[in-house]
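Report on the structure given below.
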């Protein structure tokens, strides 16, 4: 599912709900940069963590 994430999409980190909602900034080679409400900009290894897309926001 991470391969389908595009800039602008909203996601949550499955293990860090305290980070809040995040907006995908980039998704290049399995490295996903997300700007989270309460954690700021974080680079996620998409091979290790499956982000949860949020639709309808």
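Every read-out reported here was derived from the displayed coordinates using simple, explicitly stated rules and does not represent laboratory data. Everything quoted here is computed from the prediction, not taken from an experiment. Note that each Cβ is placed from the backbone with ideal geometry, even for glycine, and that neighbours are counted across all protein chains shown.
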A chain fully extended from residue 3 to residue 45 at 0.36 nm per residue, minus the present Cα-Cα distance, gains in nm 14.0 nm
One point scatterer per Cα, no solvent, Debye formula: log10 I(q)/I(0) for the chain at q = 0.16 Å⁻¹ comes out as -0.37
Taking a crude spin-label model, label points 7 Å out from Cα along the C-beta direction, the residue 37 to residue 52 distance in nm is 1.3 nm
